[in-house]
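A quick write-up on the structure given underneath.
Read-outs throughout are calculated quantities, based only on the coordinates presented, and are distinct from any laboratory measurement. All values reported here derive from a predicted model rather than from experimental measurement. Ideal geometry is used to build each Cβ from the backbone, glycine not excepted, and the neighbour counts take in all protein chains shown.
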Amino acid sequence: MNASIISQLSSFDIAIDLGTYKTSIFVRGEGIVLEEPTLICLRNNEYVQGSVIAIGDEARSIYGKEPENVITVKPLRGGVVEHLEATKLLIKSFARKAKWLGRLRKPNVLISAPFAISNIERRAVRDVAASISSRSIGVIEEPIAAAIGCDLDIGGSQALMVVDAGWGITEAAVISLGGIVHCESERVGGEVIVHSIIEYFKKAYALQIGERTAASIMRVLSDFDCDFENEMSVRGMDVASRLPMLRHFKLEELRGVIQTPLASIVRTIKRTLENTPPMLSADLIENGIVLTGGTALLKDFDTLIESHTGIPVRIAQNPHSCVIRGGGSALDYLSQFKLA
């Protein structure tokens, strides 16, 4: 029997990180097979498979340039499913792209979700996984997945703290003996920072910039070699004349812009620390705080947290992919997360 037939017949396990900004898929034995924006373009506002024009990277290239009969939908907001039907269409399309829908055996699916979501929001996550004809479904809490993904020993009695600062939501969790002792969350992350940058240019320069432009500025602010003294140029539309315009600015101007959302995240971290049992607080001083998620890379974010908490902070390696790597590793313990 050749390898392709064996692949079709054998059962297989999949981890999905369904993020506000990006969706990632991990297949056991193959690794991460897909990482693309959580975007879908639809024709005539119809949420059916035949109306799908583009998904992921292709949808991002269309976003903001759609004709009248096409809409681009962001199915998730604040880390949770906002448009269930659009999310189902998107995950089915990603499944086809990752070439697992054609297999004869259904997959076991482990999908990550924020810790602090309602039962209705959790049910929506399960409904998304069920839409791809899963053999079984499990849900793993994102702080746990992030901790596993950055190689932390979550099974020990020593407390660990992970701050998963994503695009739509930030969760600060203290973990011990394989479970979450306390977790605080705030629906603040990269998305809020990007919109803060957009508002700044509108008020300070009377310049309307797009979300993609603001996101590119945020990426500059997340670069290891970022220097706030550097000058940049930005293109947008003049608010008064409605004509294209080029403006120059210093990155230093944005330091105060990003401080407000970052301060909100710091308060979330402090609430978690304040609600942590004293016996575990001593462990945190020794083990420190680990930052994961794309927002973790913002310049001086780690030192800001240290200055407000007095606890050492380190940024995980490849922090943007910790959750999907952890979900992939957790497939070895799938029975602990199975719901159906």
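Top mean-square fluctuation among P261, P278, P37, Gaussian network model of the chain, C-alpha springs under 10 Å? So, out of P261, P278, P37, the one fluctuating most is P278. Packing around the peptides 324-330, 49-55, taken as the average count of other Cβ atoms within 10 Å per residue, puts them in this order, highest first: 324-330, 49-55. Here the Karplus relation 6.51 cos²θ - 1.76 cosθ + 1.60, evaluated at θ = phi - 60°, turns the backbone of the stretch 202-208 into coupling constants of 5, 7, 7, 10, 6, 10, 8 Hz, with x for every Gly and Pro. With θ taken as phi - 60° and the Karplus curve 6.51 cos²θ - 1.76 cosθ + 1.60 applied, the whole-hertz 3J(HN,Hα) list for the stretch 26-43 is 10, 10, 4, x, 10, x, 6, 9, 7, 9, 9, x, 7, 9, 9, 9, 10, 8 Hz, x standing for glycine and proline.
Within the chain, DSSP assigns beta bridges of which about 70% are antiparallel (rounded to the nearest 5).
Just S185, S93, S233 to compare: in a GNM of the chain, with alpha carbon springs under 10 Å, which one fluctuates most? Checking each option, the largest mean-square fluctuation is seen for S233. Report which label in (1) 51, 22, 17; (2) 33, 30, 16; (3) 84, 37, 20 holds the value of semi-axes √(5λ) of the Cα gyration tensor in Å derived from the coordinates of this structure. Answer by label: (2).
Out of F26, F201, F115, any idea which swings most in a Gaussian network model of the chain, alpha carbons joined below 10 Å? Residue with maximal mean-square fluctuation among F26, F201, F115: F201. Taking the fewest neighbouring Cβ atoms within 10 Å as the starting point, the ordered list for H308, H320 is H308, H320. The distance linking the stretch 233-298 with the stretch 11-47 is 26 Å (Cα centroid to Cα centroid, whole angstrom).
Within the stretch 167-267, list the GluC sites (Glu not before Pro) lying in a DSSP loop whose Cβ has at most 11 other Cβ atoms in a 10 Å radius. Don't skip to the end; give the middle numbers.
On the way: sites: E171, E184, E186, E191, E199, E211, E229, E231, E252, E253; in loops: E229.
For GluC sites (Glu not before Pro) across the stretch 167-267 that sit outside H, G, I, E and B with at most 11 neighbouring Cβ atoms in 10 Å, the list reads E229.
Out of the stretch 108-193, which trypsin sites (Lys or Arg not before Pro) are coil in DSSP terms and have no more than 15 other C-beta atoms within 10 Å? Taking the stretch 108-193 and a limit of 15 other Cβ atoms within 10 Å, the loop trypsin sites (Lys or Arg not before Pro) found are R135. Look at Y63, Y333 and count the other Cβ atoms within 10 Å of each Cβ; fewest to most, that gives Y333, Y63. Ordered by the number of other Cβ atoms lying within 10 Å of each residue's own Cβ, fewest first, E141, E68, E35 fall into the sequence E68, E35, E141.
With +1 on the Cβ of every Lys and Arg and -1 on the Cβ of every Asp and Glu, and nothing else charged, how large is the dipole of the chain about its Cα centre, in debye rounded to the nearest 20? Numbers along the way, then the final one.
On the way: 36 positive and 40 negative charges, 272 e Å.
Computed about the Cα centre, the dipole is about 1300 debye.
Taking the empirical scaling 2.2 N^0.38 Å for compact globular proteins as reference, the stretch 190-257 has a Cα radius of gyration ratio of 1.05. Taken over the C-alpha atoms, the stretch 47-197 has Rg and Dmax values of 17.4, 57 angstrom.
How about the stretch 34-67: which trypsin sites (Lys or Arg not before Pro) there are in a DSSP loop, with at most 15 other Cβ atoms within 10 Å of their Cβ?
Working: sites: R43, R60, K65; in loops: K65.
Taking the stretch 34-67 and a limit of 15 other Cβ atoms within 10 Å, the loop trypsin sites (Lys or Arg not before Pro) found are K65.
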